[in-house]
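Notes to accompany the following structure.
The values are calculated or read from the model by the stated rules, or taken from the named source; none is laboratory data. Bear in mind the structure is a predicted one, so any value in this text is a computation, not a measurement. Don't worry about glycine lacking a Cβ; one is built from the backbone with ideal geometry, like all the others, and counts go over all protein chains shown.
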Ligand SMILES: [Mg+2]
Ligand SMILES: [Zn+2]
């Protein structure tokens, strides 16, 4: 059954949410793992615009399975400024998101939502705006928390860029940097004006990040 629908193209539709996950079946909020997409869940290939270049990073499905088994939500949050720069349109972003979800479904793991930001100040109209969704701004996480009934204060974020970690810092939640994607390079420059606080942990990859999180003593 297809629970993810491709939304009609609209410049104003930034977010993409599963209707099923939106149902509030109980009023107890769950925490979430917020996951960056490119370089964290799937391979970083530089403005992924061709579905044939979509590949899961080894261990990603297993990592998400562990999150599922801990009864936490999983939300993918991705900056897709390639839209604003004219490298791809939003329909392409949605198709790639759908394909990624399908790959994960085939691995029998569940993702509760995918949100993307198509904006960039140096991009083309109508996308060249100062938005609240482009990481390190926290708009996508705040929107997801509303849509999916997430307890953001108990949540955690994983990404391969310092801007991902800074997104977590701005929400005062732990930000984990992975060494996949841009992460190996990013982990060499942790003293950066981008970053107000270092990562909570530097993981080899998403699976290592999730293992560390659920095994930590605190
Ligand atoms: Mg990334
Ligand atoms: Zn945006």
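Regarding the range 124-132, can at least one residue be identified that is assigned to a loop (DSSP other than H, G, I, E, B), within 16 Å of ligand 2 (Cβ to nearest atom) and in contact with a strand residue (DSSP E or B) (Cβ under 8 Å, 6 or more places away or on another chain)? Full working, then the answer.
Kept after step one, since they are assigned to a loop (DSSP other than H, G, I, E, B), are these residues of the range 124-132: 124-132.
Filter once more, so that each one left must be within 16 Å of ligand 2 (Cβ to nearest atom): 124-132.
Of the ones still in play, those that are also in contact with a strand residue (DSSP E or B) (Cβ under 8 Å, 6 or more places away or on another chain) are 131.
The answer is yes; a qualifying residue exists.
Among the residues in the range 39-61, are any closer than 22 Å to residue 154 by Cβ, buried (at least 17 other Cβ atoms within 10 Å of the Cβ) and either more than 16 Å from the chain's Cα centre (by Cα) or away from ligand 1 (no atom under 16 Å from the Cβ) (or both)? Working first, answer last.
Taking the range 39-61 first, the residues closer than 22 Å to residue 154 by Cβ are 40-41.
Pick out the ones that are also buried (at least 17 other Cβ atoms within 10 Å of the Cβ) and you get 40-41.
Cutting the leftovers down to either more than 16 Å from the chain's Cα centre (by Cα) or away from ligand 1 (no atom under 16 Å from the Cβ) (or both) gives us none.
The answer is no; no qualifying residue exists.
The single condition among (1) touching a strand residue (DSSP E or B) at 6+ places or on another chain (Cβ under 7 Å); (2) assigned to a loop (DSSP other than H, G, I, E, B) that residue 93 does not meet is (2). Among the residues of the range 197-213, just one is in contact with a helix residue (DSSP H, G or I) (Cβ under 7 Å, 6 or more places away or on another chain) and more than 14 Å from residue 157 (Cβ to Cβ), namely 207. So which of 59, 86 is on the phi > 0 side of the Ramachandran plot, in contact with a helix residue (DSSP H, G or I) (Cβ under 8 Å, 6 or more places away or on another chain) and modelled with pLDDT of 95 or more? Of 59, 86, the one residue that is on the phi > 0 side of the Ramachandran plot, in contact with a helix residue (DSSP H, G or I) (Cβ under 8 Å, 6 or more places away or on another chain) and modelled with pLDDT of 95 or more is 59. Taking the criterion of being within 16 Å of the chain's Cα centre (by Cα) and surrounded by fewer than 18 Cβ atoms within 10 Å (Cβ to Cβ), the residues of the range 124-145 that qualify are 132, 142. Output the residues belonging to the range 51-61 that are in contact (Cβ under 8 Å) with a residue 24 or more places away in the chain and either within 16 Å of ligand 2 (Cβ to nearest atom) or outside any helix (DSSP H, G or I) (or both). Passing the criteria: 54, 56, 57, 58, 59. Annotation: residue 182 fulfils all but one of (1) within 13 Å of ligand 1 (Cβ to nearest atom); (2) touching a strand residue (DSSP E or B) at 6+ places or on another chain (Cβ under 7 Å); the unmet one is (2).
If you take the residues in the range 139-170 that are part of a loop (DSSP other than H, G, I, E, B) and more than 16 Å from ligand 1 (Cβ to nearest atom), which one is nearest to residue 208 (Cα to Cα)? Outline the logic, then answer.
As a first pass, look at the range 139-170 and keep what is part of a loop (DSSP other than H, G, I, E, B): 149, 151, 155, 160-161.
Still in the list and also more than 16 Å from ligand 1 (Cβ to nearest atom): 149, 151, 155.
Working: 149: 27, 151: 23, 155: 17 Å.
That would be 155.
Scanning the range 96-123 for residues that are part of a loop (DSSP other than H, G, I, E, B) and either crowded, with 16+ Cβ neighbours inside 10 Å or within 9 Å of ligand 2 (Cβ to nearest atom) (or both) gives 109, 110, 111, 112, 118, 119, 120, 123. Checking each residue in the range 62-85 for being within 20 Å of residue 154 (Cβ to Cβ), without any contact (Cβ under 8 Å) to a residue 40 or more places away in the chain and in a loop (DSSP other than H, G, I, E, B) picks out no residue at all.
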